[in-house]
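Each remark here refers to the structure printed beneath this line.
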Amino acid sequence: MRGPTRAHRRRWLVGATVLALGVTTLLTTNAQAGPEPTATSEPRPYEVVFEDTFDGAAGSAVDGAKWQLETGDNISNNELQYYTQGTENAELDGNGNLVITAEAGNPNNYQCYYGPCEYTSARMNTSGRFTAQYGHVEASIKLPQGQGIWPAFWMLGDDIGQVGWPNCGEIDVMELVGHQPGTAYGTIHGPGYSGGESIGSSYTLPNGDIFANGFHTFAVDWTPDSITWSVDGNAFQTLTPADLGGDPWVFDKPFFLILNLAVGGNWPGYPDDTTVFPQQMTVDYVRVETS
């Protein structure tokens, strides 16, 4: 097994009610004799428990203490790329960014399920290095565009090796299909609501803007029994166990982080003569904060 994969995903998203995430409050009381107990509503301070700002010399590899690169193809999604190791398709740019590059061609003769691979790219995760359970999970990313291009920032339940997918759960903080360059999707998958039955919604930039024009912040605020998605601080969806129609909520446990850039697949479709290569997913930072 080459590590947790996104091989099972099918993306036909359904709408979800958009709610505002309430501010967490801390209740304090005075248990000693004297005046009546009082309550305050001061927000808890947040602590950064994971951060990568991708500082380093141009051409450097990602920090191996934080990320591992996955290799190989993805037959279950019918993607076309081969994910490579080292700095072949993922490297620091020397300006505080990680650049994941999807390229046409196959100079190293990688083999995919359909024969010689037509594209290369990169995918990395924090499995075995970092997991989160609740908190504010955020990344600032400049996204690629084009028919058949599929970048994502997402999470999988750390127990995937024991219970499999979708029982482990999946939280897609951000996905984009390149023929819709101004729309980002946020989704959950779990037992009874995976693949074509996944639950999610989307956010479209105003005034016809697209995510390839600059960096945008993609985040989830994750608490027991609640996940809220936002883009640039604009919340566009909250999901709770009540939205699952009686199916299990599997998001109250540790998850690890994933960044990847796929080419082709069942949901985005495949590159055509309008698709320009190379395409790049540029990540300024990834940060997780908990209260």
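The values are calculated or read from the model by the stated rules, or taken from the named source; none is laboratory data. On a predicted model such as this, the values are computed, not experimentally measured, just so you know. Reconstructed Cβ throughout: ideal geometry from the backbone, glycine too, with neighbour counts over all protein chains shown. Accessible surface areas use protein heavy atoms only, side chains included; no ligands, DNA or RNA. Shrake-Rupley method; radii C 1.70, N 1.55, O 1.52, S 1.80 Å.
Tabulated results
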{"item": "Stokes-Einstein D (µm²/s) once Rh is taken as the Kirkwood radius of the range 162-263 over alpha-carbon pairs, at 4 °C in 1.567 mPa s", "result": "89 µm²/s"}
{"item": "Accessible-area value, residue 249, 1.4 Å probe, nucleic acids and ligands omitted, Å²", "result": "40 Å²"}
{"item": "Charge dipole magnitude, Cβ of K and R +1, D and E -1 - the range 61-165, Cα centre, debye nearest 20", "result": "120 debye"}
{"item": "Area of residue 129 that stays accessible when all protein chains are in place (1.4 Å probe, Å², to 10)", "result": "100 Å²"}
{"item": "Kirkwood-Stokes translational diffusion coefficient of the range 247-291, alpha-carbon pairs, 10 °C, 1.306 mPa s, µm²/s", "result": "107 µm²/s"}
{"item": "Translational D in µm²/s for the range 119-201 (Stokes-Einstein at 20 °C, 1.002 mPa s, Kirkwood Rh from C-alpha pairs)", "result": "151 µm²/s"}
{"item": "Carbon/sulfur fraction of accessible area - the range 131-284, other protein chains in place, 1.4 Å, %", "result": "45 percent"}
{"item": "Shape metrics for the range 96-145, restricted to C-alpha atoms - Rg then Dmax, Å", "result": "15.6, 42"}
{"item": "Label-to-label distance, nm, for residues given as residue 247 and residue 104 (7 Å Cα→Cβ offset)", "result": "3.7 nm"}
{"item": "Theoretical gain in end-to-end length, residue 273 to residue 58 [0.36 nm per residue, Cα-Cα removed]", "result": "74.3 nm"}
